[in-house]
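Contents: one structure, followed by commentary.
The values are calculated or read from the model by the stated rules, or taken from the named source; none is laboratory data. Note that the structure is predicted; figures quoted are calculated from it, not measured. Note: ideal-geometry Cβ built from the backbone for every residue, glycine included; neighbour counts use all protein chains shown. We work out accessible area using only protein heavy atoms, side chains counted, and drop any ligands, DNA or RNA first. Shrake-Rupley method; radii C 1.70, N 1.55, O 1.52, S 1.80 Å.
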Amino acid sequence: MAQRFASKCSTVGHSLLGSLFNNSSGVLRSSHEIMGSIGCSNFLSQQHRTFIQMGTKLKVVDNSGAKIVKCIRANKGSSSKGARLGDTITASVKQAQPRGKVKKGEVVYGVVVRAAMQRGRCDGSEIKFDDNAVVLVNKQGEPVGTRVFGPVPHELRKKKHLKILTLGDYIV
Amino acid sequence: MGSKVLTTQALVSIPTQRFSTTNTFLPNLIASFNSNRITVSSKVCSLQLGFKATPLIQNSNRRGPFVARAESEGDVAVSEPEAEAEVEPEVKRKPIIKLGDIMGILNKRAVEASEKERPVPEIRTGDIVQIKLEVPENRRRASLYKGIVISRQNAGIHTTIRIRRIIAGIGVEIVFPLYSPNIKEIKVVGSRKVRRARLYYLRDKLPRLSTFK
């Protein structure tokens, strides 16, 4: 019930609730589980992940200097509901390392390399990660940093982000 | 399709009715039977109707002598042709395929076709499996996916398993369709004792429990 309410709110564009539900907060999830045990159907007790939209906080997984960015806009390639795995977003740097290529408060572009929402592939398989993460890029799509940490999906190959694919340590 | 099935059902039932009733009912049934037979033969295009037409024609030929015999002799004569005619449609009759069974039959056929090319081992929740995948997107041979099966959804040809693993510090869950032609090999490398069909609790637990070398 609370999830449907949240999805309705996010379509309207309330960033607060959107970020609350995209970051897995233990308090909210435990209330879902209580509701699940009372009598709701089983799938409600798990979080229903949605798109990356305005207000979503994402981890930065390269060495560009930023640590956490907040999504401002899901760019043109993504659907009207938000960005998914492999899409580009415009974001604002919320937390940055002291000596890095980007500073706090800058508006940057990023490519979503890990998303908690499952993404279907053309052979019928689906992939999902445990967190949301971006790699900062410039307007042309080239990565700002020189290293990428963690696994990267091979959806990036189709989106022509080959540089990020080669920099990543594990292609899922 | 449904209407054709109904007419064949009606046709098969009519001979049984006919032989069990008395002579007074016979003319009516014969007349109705005749008309039905005519309509069926005009629509003969499915396999079911094709082979059913022959025993019916034989029954109609025998109707003349049967009527004469029934009037002259007793119950014995009635039961004999009844048994003969009954045996023929019984032996040649296939089970009628109902509309609701079609998806099940198609799924079973597709699963058998896929099993012939690559046999799928028995996989249950809690097994630790290794999957070799060959995807045109990734071009080069055999991406290897290892992990614990946290759920299995049975849906005919789209039976899927969900594999969880911690890769480079991040938990990754991938859903694989078991009968996909892209999967080159599935191997069960271990098993863990679980008391559940879906191991979604692993998402909240320590990463150590989902790590597999």
Next item on the list: Report the net charge of residues surrounding A:Cys122, where surrounding means a beta-carbon distance below 15 angstrom and charges are Lys +1, Arg +1, Asp -1, Glu -1.
Entry: +2
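Kindly report the accessible area of the stretch B:111-209 per residue (heavy atoms of protein chains, probe 1.4 Å, no ligands, DNA or RNA), in Å². Present the calculation step by step, with values, prior to reporting the outcome.
Details: 5380 Å² over 99 residues.
For the stretch B:111-209, the per-residue accessible area is 54 Å².
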Margin query: Please give me the summed charge of the neighbours of B:Gln153: other residues whose Cβ is under 11 Å from its Cβ, Lys and Arg +1, Asp and Glu -1.
Written below: +3
Note to self: At R0 = 22 Å, how high is the FRET efficiency between B:Tyr201 and B:Asn154 if r is their beta carbon distance? Nearest 0.05 is fine.
What the structure shows: 0.55
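Roughly how many percent of the accessible protein surface of the stretch B:121-191 is carbon and sulfur, given a 1.4 Å probe and a whole-percent answer?
Heavy-atom surface of the stretch B:121-191 belonging to carbon and sulfur, 1.4 Å probe: 46 percent.
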Checklist line | Spin-label model distance (nm) - B:Lys193 vs B:Leu106, 7 Å beyond Cα toward Cβ | finding: 4.5
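Looking at the stretch A:101-172 from every direction and averaging, what is the projected area of its Cα convex hull in nm²?
About 5.2 nm², averaged over all directions.
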Check: Which semi-axes, in whole Å and largest first, does the equivalent ellipsoid of the stretch B:111-209 have when worked out from the alpha carbon gyration tensor as the square roots of 5 times its eigenvalues?
Finding: 23, 17, 11
Note to self: At a threshold of 8 angstrom on Cα-Cα distance, excluding pairs fewer than six apart, so keeping six or more, what relative contact order does the stretch A:56-126 reach in percent?
What the structure shows: 28
Checklist line | Computed FRET value (nearest 0.05) for B:Lys184 with A:Glu126, which takes r as the C-beta separation and R₀ as 22 Å | finding: 0.70
Margin query: Residues of the stretch A:141-155 losing 30 Å² or more of accessible surface, assembly versus chain alone, probe 1.4 Å, please list them.
Written below: A:Pro151, A:His154
Checklist line | Area hidden from solvent between A and B (accessible, protein heavy atoms only, 1.4 Å, total, Å²) | finding: 2100
Next item on the list: List the residues of the stretch B:175-213 that lose 20 Å² or more of accessible area once all protein chains are present, compared with their chain alone (1.4 Å probe, heavy atoms only, no ligands or nucleic acids).
Entry: B:Val175, B:Pro177, B:Asn182, B:Tyr200, B:Arg203, B:Asp204
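Report the trypsin sites (Lys or Arg not before Pro) located in the stretch A:134-171 that are in a DSSP loop and have at most 11 other Cβ atoms inside 10 Å of their Cβ, or state none.
On the way: sites: A:Lys139, A:Arg147, A:Arg157, A:Lys158, A:Lys159, A:Lys160, A:Lys163; in loops: A:Lys139, A:Arg147, A:Lys159, A:Lys160.
Of the trypsin sites (Lys or Arg not before Pro), the ones in loops of the stretch A:134-171 whose Cβ has at most 11 other Cβ atoms within 10 Å are A:Lys139, A:Lys160.
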Next item on the list: Starting from the Cα of A:Gln46, step 7 Å along the direction of its Cβ; do the same at A:Lys160; then give the gap between the two resulting points in nm.
Entry: 3.6
